[in-house]
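Everything on this sheet refers to the single structure shown next.
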Amino acid sequence: MSRAAAEFQPLQIAVLTVSDRRTLAEDSAGQALIDALTAAGHQLVERLISKDDRYQLRALVSRWIASGDVQVVLVNGGTGFGPGNQVPEAVRVLFDREIDGFGELFRQLSYQDIGGSALQSRALAGLANGTLICCLPGSPGACMTGWSGIIRDQLDARQRPCNMVPHLKQPAGEGACPSRS
């Protein structure tokens with residue numbers, strides 16, 4: 001392993017809150033994610049709030065996937081079991097690869113806090129064009145469960161035995177992504 005691979009690499013992250021009624025001032029879950037990612041040393045590229053509309057969500061996330069400046073997209077809200085929750089249907093079709101273990105692990109961690117209600121979580125994650133997309137429920141507690149229990153370590157190049165950093169595109173103007181052997 002090279003020394004560079006063991007150093008922290010700040011990532012470029014976008015945060016999308018999915019809500020039909022929240023404003024930026026009321027977005028405690030999105031703000032919790034922003035506070036956590038900046039405290040960890042990463043950079044917020046953009047923050048948006050969108051209605052829970054499958055096609056609008058797909059367009060926003062697609063723009064970030066195509067961007068040379070966004071390496072990670074954190075989506076909060078719209079993952080519940082209710083009929084109006086569209087995030088899994090909007091985002092899953094964009095994945096080049098789904099990360100099945102993300103939803104499984106998130107539900108396992110959530111079970112410790114909310115018991116059998118964790119069954120109704122449709123949290124998911126995947127990679128698209130070198131961009132990691134993580135979709136979490138819209139409560140600050142659920143976002144922190146996902147951040148602390150899964151995402152934080154996977155966004156840290158020092159995390160062993162593996163992390164997601166080698167699979168992410170480099171921001172525009174930087175060198176190619178290191179490959180894993």
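We did not get these values from a lab; they are worked out from the coordinates using the rules stated. Note that this is a predicted model, so its numbers are computed, not measured. Virtual Cβ from ideal backbone geometry, glycine too; neighbours counted across all protein chains shown.
Using the alpha-carbon atoms, what tilt in degrees (0 to 90, nearest 10) does helix 100-114 show relative to the longest principal axis of the chain?
The answer is roughly 50 degrees.
Set the Förster radius R0 to 45 Å, insert the Cβ-Cβ distance between Thr23 and Asp96 as r into 1/(1 + (r/R0)^6), and round the FRET efficiency to 0.05.
0.85
Give the relative contact order (percent, whole number) for the chain; include only Cα pairs under 8 Å separated by 6+ residues.
Relative CO of the chain lands at 24 percent.
Taking only the alpha carbons of the chain, what extent do you get along each of the three principal axes, in Å, biggest first?
Dimensions of the chain along the principal axes of its Cα atoms: 47, 33, 30 Å.
Taking every pair of Cα atoms in segment 1-80, average 1/r, invert it to obtain the Kirkwood radius, and report Rg/Rh to two decimals.
Taking Rg over the Kirkwood Rh, I get 1.04.
What is the antiparallel percent of DSSP beta bridges lying wholly in segment 1-155, to the nearest 5?
For segment 1-155, the DSSP antiparallel bridge percentage is about 30.
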